[in-house]
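A.B. asks: Please find one structure pasted underneath; my questions will follow.
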Amino acid sequence: MADPVHLHGYRYSVYNRVARLALLLKKVEHQTIEVNPFAELSEAYLMLHPFGRVPVLTHGAFKLFETSAITRYVDRAFKGRALQPETAAALARMDQVIAAIDAYAYWPMVRQVASHAFFRPYFGEQSSREEVDAGLEASKTVLAFLDVVAGEGEVLTGRDITLADCHLAPMMDYFVRAEEGKAALSPHLALQRWWDRVSVLDILRVTDPFATQTASK
């Protein structure tokens, strides 16, 4: 009997969704366990993640946190389609894209633009126009960089899905739910083509945390 796989995460977390995309692409049977990192966390969870964030993957007795480590482990540990390129150049580009997304895309695209132009208004919470504007300004450089990568053809092609696609797609999904984010993406033609291909994939639909709420409205 195979060791059970559990993903502990928050349904609205882009990083939880990144890990779920990798698991689904590898067709790994797993159970999701909801953990709200903004609530008081149990001692048991802090034993899994001493920094109190999400996600955490457990595979039998093996425990792992940090999303990039989780997705690389999933690709190496389970059979199925490879989610990392074979050539040194493409693999390096994938690693660079993931690092750049974490360093330069997550905060402005998700925590500023998406949070204040989509997420907070959706839940009736107070938002800040200044945060949206600051996020849009800060997003310009990373969108331009990702557009160059998408045009290069090594990764972010929207055809041969890699861990770079898994990492970017949840953040882009939130970003373009804001009209301002959608407008900011559109001039970047290669990146827009990538998103047009990726956004219709079934794995994006089944991991959409807002799908149930939208359907019930």
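A.B. asks: With respect to Phe78, determine if the residue is of a type outside the set (Val, Ile, Thr), over 19 Å from Ser13 (Cβ atoms) and buried (at least 16 other Cβ atoms within 10 Å of the Cβ). It would help to see each step written out before you state the result.
C.D. replies: Numbers: of a type outside the set (Val, Ile, Thr): yes; over 19 Å from Ser13 (Cβ atoms): yes; buried (at least 16 other Cβ atoms within 10 Å of the Cβ): yes.
Yes, satisfied.
A.B. asks: Same structure again: So, in the range 60-71, how many residues would count as being in contact with a helix residue (DSSP H, G or I) (Cβ under 7 Å, 6 or more places away or on another chain) and either acidic (Asp, Glu) or closer than 14 Å to Ile98 by Cβ (or both)?
C.D. replies: 4
A.B. asks: Is there a residue in the range 49-57 that is closer than 17 Å to Leu204 by Cα and either of a type in the set (A, V, I, L, M) or surrounded by 16 or more Cβ atoms within 10 Å (Cβ to Cβ) (or both)? Let's see the steps before the verdict.
C.D. replies: Initial filter on the range 49-57 (closer than 17 Å to Leu204 by Cα): none.
No, the range 49-57 has no match at all.
A.B. asks: Do we find that Pro108 is surrounded by fewer than 16 Cβ atoms within 10 Å (Cβ to Cβ) and either under 30 Å from Ala82 (Cβ atoms) or at pLDDT 95 or above (or both) in this structure?
C.D. replies: Numbers: surrounded by fewer than 16 Cβ atoms within 10 Å (Cβ to Cβ): no; either under 30 Å from Ala82 (Cβ atoms) or at pLDDT 95 or above (or both): yes.
Judged against the criteria, Pro108 is not a match.
Residue-by-condition table, conditions (1) among the small types (Gly, Ala, Ser); (2) surrounded by 14 or more Cβ atoms within 10 Å (Cβ to Cβ):
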site	(1), (2)
Ala138	yes, yes
Val142	no, yes
Asp165	no, yes
Glu179	no, no
Ser186	yes, no
Trp195	no, yes
Ser199	yes, yes
Ile203	no, yes
Asp208	no, yes
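A.B. asks: Tally up the residues in the range 20-34 that are under 19 Å from Gly80 (Cα atoms) and without any contact (Cβ under 8 Å) to a residue 60 or more places away in the chain, please.
C.D. replies: Step one: of the range 20-34, the residues under 19 Å from Gly80 (Cα atoms) are 20-31.
Now drop any that are not without any contact (Cβ under 8 Å) to a residue 60 or more places away in the chain, which leaves 23, 26-31.
Number of matching residues: 7.
A.B. asks: Considering only the range 113-136, state which residues are closer than 21 Å to His188 by Cα, crowded, with 21+ Cβ neighbours inside 10 Å and not aliphatic (A, V, I, L, M).
C.D. replies: To start, the set of residues in the range 113-136 that are closer than 21 Å to His188 by Cα comprises 113-114, 117, 132-136.
Cutting the leftovers down to crowded, with 21+ Cβ neighbours inside 10 Å gives us 113-114, 117, 132, 135-136.
Within the range 113-136, Gly135 is the sole residue that qualifies.
A.B. asks: Which one of the conditions (1) closer than 19 Å to Val14 by Cβ; (2) surrounded by 15 or more Cβ atoms within 10 Å (Cβ to Cβ) does Arg93 fail to meet, given that it meets all the rest?
C.D. replies: All conditions are met except number (1).
A.B. asks: Another one. Got at least one residue in the range 159-170 being within 15 Å of Trp194 (Cα to Cα), under 18 Å from the mean Cα position of the chain (by Cα) and modelled with pLDDT under 95?
C.D. replies: Step one: of the range 159-170, the residues within 15 Å of Trp194 (Cα to Cα) are 159-170.
Cutting the leftovers down to under 18 Å from the mean Cα position of the chain (by Cα) gives us 159-170.
Now drop any that are not modelled with pLDDT under 95, which leaves 159-160.
The answer is yes, given that some residue of the range 159-170 is within 15 Å of Trp194 (Cα to Cα), under 18 Å from the mean Cα position of the chain (by Cα) and modelled with pLDDT under 95.
A.B. asks: Another question, if that's okay. Check the range 146-158 and report whether any residue there is under 18 Å from Tyr106 (Cβ atoms), of a type in the set (Ser, Thr, Tyr) and modelled with pLDDT of 95 or more.
C.D. replies: No: the range 146-158 contains no residue that is under 18 Å from Tyr106 (Cβ atoms), of a type in the set (Ser, Thr, Tyr) and modelled with pLDDT of 95 or more.
A.B. asks: Going through the range 54-77 one residue at a time, which ones are in contact (Cβ under 8 Å) with a residue 24 or more places away in the chain and among the charged types (D, E, K, R)?
C.D. replies: Arg72, Asp75
A.B. asks: A follow-up question, please. Which condition does Ser128 not pass, out of (1) out of contact with any His (no Cβ under 9 Å at 6 or more places or on another chain); (2) free of Cβ contacts under 8 Å to residues at least 40 places away in the same chain, if it passes all the others?
C.D. replies: (1)
The values are calculated or read from the model by the stated rules, or taken from the named source; none is laboratory data. Because the structure is predicted, anything quoted here is derived from the model rather than measured. Glycine gets a Cβ as well: all are built from the backbone with ideal geometry, and neighbour counts include every protein chain shown.
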